Amino acid sequence: MIIRPEQHWFLRLFDWHGSVLSKIVFRLLLNLMMSIIAIISYQWYEQLGIHLTVAPFSLL
């Protein structure tokens, strides 16, 4: 068990040793990259001719 010194809860968010962050950092970066691509490509959304509703996203 890892015993940490008393810290503020916000500083504990950035602890690397003993956290699961090292295991999920790839997924977080992939999610961030897909979000940035979605934001950048939003201005061309209607020109592509793709019209999506929110129904497919409710399955997630």
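The values are calculated or read from the model by the stated rules, or taken from the named source; none is laboratory data. This is a predicted model, so every value here is computed, not measured. Note that each Cβ is placed from the backbone with ideal geometry, even for glycine, and that neighbours are counted across all protein chains shown.
Scanning the stretch 13-32 for residues that are surrounded by 10 or more Cβ atoms within 10 Å (Cβ to Cβ) and either more than 19 Å from the chain's Cα centre (by Cα) or touching a residue at least 40 places away in the same chain (Cβ under 8 Å) (or both) yields a total of 1.
Applying a threshold of 9 Å to beta carbon distances and a minimum spacing of six or more residues, or different chains, the list of pairs starting in the stretch 33-58 at a residue that is exposed (fewer than 10 other Cβ atoms within 10 Å of the Cβ) and ending at one that is outside any loop (DSSP other than H, G, I, E, B) reads L48/S41. When residues in the stretch 16-40 are screened for being part of a helix (DSSP H, G or I) and of a type in the set (S, T, Y), 2 of them pass. Looking across V54, V25, one residue alone is among the aliphatic types (A, V, I, L, M), out of contact with any Lys or Arg (no Cβ under 6 Å at 6 or more places or on another chain), under 30 Å from I3 (Cβ atoms) and at pLDDT 75 or above. It is V25. For the residues Q43, Q47, the requirement of being over 21 Å from the mean Cα position of the chain (by Cα) and either part of a loop (DSSP other than H, G, I, E, B) or of a type in the set (V, I, T) (or both) singles out Q47.
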